[in-house]
1. Filter the stretch 84-106 down to residues that are of a type in the set (A, V, I, L, M, F, W, C) and surrounded by fewer than 21 Cβ atoms within 10 Å (Cβ to Cβ), then give me how many there are.
2. On the basis of being more than 30 Å from GLU191 (Cα to Cα) and either in contact (Cβ under 8 Å) with a residue 60 or more places away in the chain or surrounded by 11 or more Cβ atoms within 10 Å (Cβ to Cβ) (or both), does PRO153 make the cut?
3. All but one of (1) assigned to a helix (DSSP H, G or I); (2) among the β-branched types (Val, Ile, Thr); (3) at pLDDT 90 or above; (4) touching an Asp or Glu at 6+ places or on another chain (Cβ under 9 Å) hold for VAL135, so report the exception by its number.
4. Please state which of the following conditions PHE79 fails to meet, knowing it meets all the rest: (1) at pLDDT 90 or above; (2) within 24 Å of PHE238 (Cβ to Cβ).
5. Which fully enclosed helices (runs of 4 or more DSSP H) of the stretch 61-112 have 3 or more residues being in contact with a strand residue (DSSP E or B) (Cβ under 8 Å, 6 or more places away or on another chain)?
6. Just checking: which of the strands (runs of 3 or more DSSP E) contained wholly in the stretch 181-287 hold 2 or more residues that are within 10 Å of the ligand (Cβ to nearest atom)?
7. Listed residues ASP365, ASP370; which is at pLDDT below 95 and under 30 Å from LEU311 (Cα atoms)?
8. Does GLN324 satisfy the criteria of being touching a Gly at 6+ places or on another chain (Cβ under 8 Å) and either among the acidic types (Asp, Glu) or not in a loop (DSSP other than H, G, I, E, B) (or both)?
Amino acid sequence: MDKITALAKRRGFFYPGSELYGGVANTYDYGPVGAELLRNVRNLWWDTFVHKRDDIVGLDASMISHQEIWKASGHVSGFADAMIDCKNCKLRMRADHLIEGYWDVNKEKFQAQHFDTADGIQQDKFDTFVKTGKVEGYDTKEMASIIKLLHIPCPNCAKSDWTDVRKFNLLFPVNLGIVEGDQSLAYLRGETAQGMFVNFKNVLASTRVKLPFGIAQLGKSFRNEITPGNAVFRTLEFEQGEIEYFFDPDETNWEELFENWKKLMWEFVTKGLGVKGANLRWREHSDEERSFYSKRTEDLEYQFPFGFKELWGLAYRTDYDLMQHQKFSKKDLQYTDPVTNKKFIPHVIEPAVGINRLFLMVLADSYVEDGERVVLKLRPQLAPFTAAVFPLLANKEELVAKARDIYTALGKEFRVAWDDRGNIGKRYLYQDEIGTPWCVTVDFQTLEDDTVTIRDRDTMKQERIKTSEIPAFLRQKN
Ligand code: GAP
């Protein structure tokens, strides 16, 4: 992870947010190549799930939203994490991260031990934790008991002197206008999903959709997270790609639909983003972990340098959200079947991914050390630049002019980088580190026979081709 964050800073994938003023923890700014990579991941997601499907439509809802939306969704009362502070060194952590992280590393040592769980946690709950290593759905008392029973030390100072476990809400409140108070209170959205539910009727009324169909959205969400600092994995502000796929449970078998979405998600990650299947796995949520309204939740997990972690969640949310909004807004959110006139609230399956997590996964999965060089073996479709164009020497006007012509012509179809600084070797190494698949060099021979060298990032092999053949070469290999 340190190597990836170092590369990110060195080459401009991402930088710590507000760094000039000492930083704001868990925020990041994406640099020139990071912005391109992020955009390519985002565009591929939109292209795959919106443009290439006739049953999914897009949406771009406001990030500032009415407080009632978040009351109806359950976020105001229930969207909270449990935190704990070390009394000695003042480290603040999420209690679940503390427990699960400690258990992961130390579970063998407790294998044969029996724990008397009378205090704060039932034996069966504790046994479930020992079996799964997870505490999602556990209350603050139960977590505090586990920390006490295992005598978990602070990962920073090694003392075991903790405060109580306390809940804190993740939503960011904003006050609209100049008067503070409950009337002007709104929230920055904690997920994009609610935008789809509150616009369900608008989309029905303004488009030609009929069940089953999906509404998809890409956009920023905000959560006041305490995180252990795995770069852009978990941040305060992040981008989600979510689809609410609505269906009639009497007509569509939800289990088949669920399996189909699992296939599509897997394909997007392995084929679309070119990630190795060996680094992926599915994990089903246990009953304790799953939200009460969800009939099934599975996470597609990626093996990040800090372990297998959630990348993409898939949940069968039933009719819970639309029902809640119907109740809170007192508006009819039913769907009317155009053939039978049956009126009902559709059910929904939701694939929800973090674009920044896809981005981090792609960086981690493509990072290769090849002798002295660091190479990002990105799929050409994702690379910030498809090709780079160099004049062999920056002070030879004829070479620069010819290279400029090629750069401009290629730029009409491809994302192309220009570099005339330093020697050719350094330019290659720079392009390898930002994942540029091909480098085109204009040399003296180009001026004689209109050929260039084209160098492959992965094999480092060079071949000579006619300048007129470059677009076909890039197209065919892209
Ligand atoms: N609508 C359901 C929902 O929001 P979630 O599991 O809380 O579910 C979906 O979030 C996805 O959003 C996660 O799988 C993850 O990829 C991403 N995500 C969630 N919180 C994040 C954070 N703080 N930073 C970056 N990505 C995050």
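1. Selection size over the stretch 84-106: 4.
2. yes
3. (1)
4. Going through the list (1) at pLDDT 90 or above; (2) within 24 Å of PHE238 (Cβ to Cβ), PHE79 breaks only (1).
5. 67-72, 95-106
6. 213-222, 237-247
7. Numbers: ASP365 fails: at pLDDT below 95.
Going through ASP365, ASP370 in turn, just one is at pLDDT below 95 and under 30 Å from LEU311 (Cα atoms): ASP370.
8. yes
The values are calculated or read from the model by the stated rules, or taken from the named source; none is laboratory data. On a predicted model such as this, the values are computed, not experimentally measured, just so you know. Glycine also receives a Cβ, built like all others from the backbone with ideal geometry; neighbour counts cover every protein chain displayed. These accessible areas exclude ligands, DNA and RNA; they are computed on the full protein's heavy atoms, side chains included. Shrake-Rupley method; radii C 1.70, N 1.55, O 1.52, S 1.80 Å.
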